[in-house]
Amino acid sequence: MSSVTIADVEAAADRLEPAAIVQRTPVERSRSLSERCGADVRLKMEHLQRTGSFKTRGAYNAISRAVEGAADGTDGPDIDRVVAASAGNHAQGVALAASGAGIDATIVMPESAPAAKIEATRGYGAEVVLRGSAFPEAMAHAQTLVDDPGTRFVHAFDDPDVVAGQGTLGLEVIDQVPDVDTVLVPVGGGGLAGGVATAVKARSPETRVVGVQTEGASTLSESLAAGELVTREEPDTIADGIATGGLSELTFGLLNEHLDDVVVVSDDDVAAAILLLLERAKQMVEGAGATAAAALLDDDAVDELDLAGETVVPLLCGGNIDVTTLKEVVTHALVERGQLIELSVRIDDTPGTMGEISTLIGAERANIRTVRHERSRPDLPVGDADLVFEVETNGPAHVDRVLKAVREAGYEVAWTTREA
């Protein structure tokens, strides 16, 4: 079985360095996350990479090697087309790298892929084919399209050249934060984690590398527990970039050898991390990009890893969040904070009552999003109705002021947390 060594990663770095297609992304300290977990947290801002993801590193390395090998006669026939399957970020990396190499690209994406990622991939010049409800189906179809010697399949993670390219991110982390104690890396198919762990352990053996997965796509922890590859046909997570359904023999072997630990976080943790990074660090990242930071918001993970006093670098590996997903995350957070609620007010169903109550709510500077009449519930007396207001507030104290104002006006009112 082929593997990846530090020499492969260093060769990839030499290949990427003169190419304007891949940038050296910055590292910034996060005061909020540092205070949250008692560590010195430095964010590796890989979501600022061109295409918004680390995937460009691996795609460029693989395609460049294929083109170079064809040119010098050491790696088969001339390459005039590449094919790939992706939930979005690998798609953009392959499309951009292929465009830079002057060859065609066909990318198969699941029908559930975010629209923004689909359009961005087309924008980089690739043909996009939508197939299947999840990544495994897209992958199966993509493999049928490699139909001539001039076509190279660029796997998102089961490709040593791709993994070596992703590993260059680990070299950057050690160069930028030489005293790093723990690197937190999200894990989907394991290409990023395998490459980064290979690089970090070769350059800084004492540095701990920890993989982070979500509960709905925790195939690494399940595979490690089983001692063999475990897959999921339809992984379920808001972190679509790591919803690959499993690892490969290549990446599983690398992670078995180099990874120190793995933790599993919830989608709620990921959503909270997206919002914290947006509000406090002023960085917009996608679910997969926030997964490593989510481990710092999970008390069990923080306790398990014993991060207190360490220098910790979570990799923010992607920033291509779909607007619909962002809306869902923000709505969920507002609900959790008590800033988006439903007020149910019992009234005599007479004209003008809704306006009166709306005025009371508005006078307390709360914003009414929607209102509906409930007239047909079996527990309602004849002539009564419930007015149900969806209201935005500043939090629990503000809710209490609104409730007090409505009750003092003589109305019976109850409130519930709106379902996200």
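The values are calculated or read from the model by the stated rules, or taken from the named source; none is laboratory data. Computed from a predicted structure; not experimentally measured. A quick note on method: Cβ atoms are made from the backbone with ideal geometry, for glycine too, and the neighbour counts reach across all protein chains shown. These accessible areas exclude ligands, DNA and RNA; they are computed on the full protein's heavy atoms, side chains included. Shrake-Rupley method; radii C 1.70, N 1.55, O 1.52, S 1.80 Å.
Data overview
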quantity	calculated
Rg(Cα) / (2.2 N^0.38 Å) computed for the stretch 153-241, rounded to two decimals	1.13
Computed lengthening from residue 303 to residue 133, 0.36 nm per intervening residue step minus Cα-Cα distance	57.5 nm
Principal-axis tilt of helix 160-176 within the chain, Cα atoms, nearest 10 degrees	70 degrees
Spin-label pair residue 68/residue 229, simplified geometry with 7 Å Cα→Cβ offset, distance in nm	2.8 nm
Mean Cα-pair separation over length for the chain, i.e. relative contact order, pairs under 8 Å, 6 or more apart, %	16 percent
Quarter of the Cα convex hull surface for the stretch 1-57, i.e. its orientation-mean projected area (nm²)	5.9 nm²
Cα-based Kirkwood hydrodynamic radius, the stretch 216-305, one decimal, Å	13.9 Å
Translational diffusion coefficient (Stokes-Einstein; Kirkwood radius from C-alpha pairs) of the stretch 1-120 at 20 °C, 1.002 mPa s, in µm²/s	132 µm²/s
Residues listed by number, the stretch 22-36, amide nitrogen under 16 Å from residue 279 label point at 7 Å toward C-beta	31-36
Estimated 222 nm signal from helices in the chain, with DSSP H stretches of n ≥ 4 weighted -39500 (n - 2.57), rounded to 500	-13000 deg cm²/dmol
Whole-number percent relative contact order across the stretch 315-420, with pairs defined as alpha carbons under 8 Å at least 6 apart	40 percent
Tilt relative to the chain, helix 89-101 - C-alpha long axis, 0 to 90 degrees, to 10	40 degrees
Whole-Hz ³J(HN,Hα) from phi, Karplus 6.51 cos²θ - 1.76 cosθ + 1.60, for the stretch 348-359, glycine and proline x	6, 6, 10, x, x, 5, 4, x, 5, 5, 4, 5
5 angstrom amide H check on residue 183, placed H, neighbours 5+ away	208, 209, 210, 313
Straight-distance crosslink candidates among lysines, where the alpha carbon sits under 28 Å from residue 327 and sequence neighbours closer than 8 are dropped	44, 55, 117, 282
With 10 Å bins from 0: P(r) over the stretch 132-176, alpha-carbon pairs, percent	23, 35, 27, 13, 1
More than 19 Å apart - percent of Cα-Cα pairs taken over the stretch 328-420	37 percent
Ranked packing of 355-363, 42-50, most packed first, by mean Cβ within 10 Å	42-50, 355-363
Diffusion constant of the stretch 205-245 at 37 °C, which comes from Stokes-Einstein with the Kirkwood Cα-pair radius and 0.692 mPa s, µm²/s	296 µm²/s
Proximal charge balance of residue 358 [Cβ under 14 Å; K/R count +1, D/E count -1]	-1
Along principal axes, Cα extents of the stretch 277-369, largest first, whole Å	62, 29, 19
354, 109, reordered so the largest accessible area comes first (probe 1.4 Å)	354, 109
Gained length - residue 408 relative to residue 176, 0.36 nm times residue gap less alpha-carbon distance	77.5 nm
Pairwise centroid distance, computed over Cα atoms, of the stretch 373-415 with the stretch 140-172, Å	57 Å
Normalised convex hull volume, the chain, alpha-carbon set, Å³ per residue	162 Å³
Residues in the stretch 312-342 that a label on residue 115 would reach, taking backbone N under 12 Å of a point 7 Å out along Cα→Cβ	322-325
Within a Gaussian network of the chain (alpha carbon springs, distance under 10 Å), most fluctuating of 408, 119, 233	408
Surface/4 of the Cα convex hull for the stretch 261-419, nm²	12.5 nm²
Rounded to 10°, Cα long-axis angle of helix 191-203 versus longest principal axis of the chain	60 degrees
Cα-based Rg and Dmax for the stretch 72-171, where Dmax is the largest Cα-Cα distance (Å)	13.2, 41
Bridge type composition, the chain - antiparallel percent by DSSP, nearest 5	50 percent
Cβ-Cβ FRET estimate between residue 3 and residue 140, R0 fixed at 30 Å, reported to 0.05	0.75
Theoretical FRET efficiency, 1/(1+(r/R0)^6), r = Cβ-Cβ of residue 99 and residue 372, R0 35 Å, to 0.05	0.10
Amide H within-cut-off set for residue 214, under 5 Å, with H built and near neighbours excluded	265
